[in-house]
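Reviewing the structure listed below.
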Amino acid sequence: MALLWESLATQLDRVRATNTVSQSSVSTITTTVADDPTDRRRRLEKALEAIKDSGNAMLVESLKAAIEGRQANLNLPELPEGIAKF
């Protein structure tokens, strides 16, 4: 077991040593992406286009609602009596 932890620690050290990113560049990227609502809308529209023929009506409705900025109208079926007991 100790060998597994030692291996994990070594791998984490390698990852930390090779992936050095400054905090300022990360916050700049995050702010730029978060502040662009057209990018989010474009991604939602692409997702809708990809799944519109899948037959998953709830997912289609959820994506349409997100694009329009409203709550999704999901008509969920009633639960059978046996399930409600749990």
Look through 57, 17 and report the one residue that is modelled with pLDDT of 85 or more and among the aliphatic types (A, V, I, L, M).
57
Go through the range 60-86 and count every residue that is modelled with pLDDT under 85 and acidic (Asp, Glu).
2
Any pair with Cβ under 7 angstrom, 6 or more apart, that starts in the range 55-79 at a residue that is within 17 Å of residue 44 (Cα to Cα) and ends at one that is of a type in the set (Lys, Arg) and in a loop (DSSP other than H, G, I, E, B)
60/52
If I go through the range 31-50 residue by residue, how many of them are among the hydrophobic types (A, V, I, L, M, F, W, C) and either at pLDDT 90 or above or outside any helix (DSSP H, G or I) (or both)?
4
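The values are calculated or read from the model by the stated rules, or taken from the named source; none is laboratory data. Since we're looking at a predicted model, the values are computed, not measured. Every residue, glycine as well, gets a Cβ built from its backbone with ideal geometry; the counts of neighbours run over all protein chains shown.
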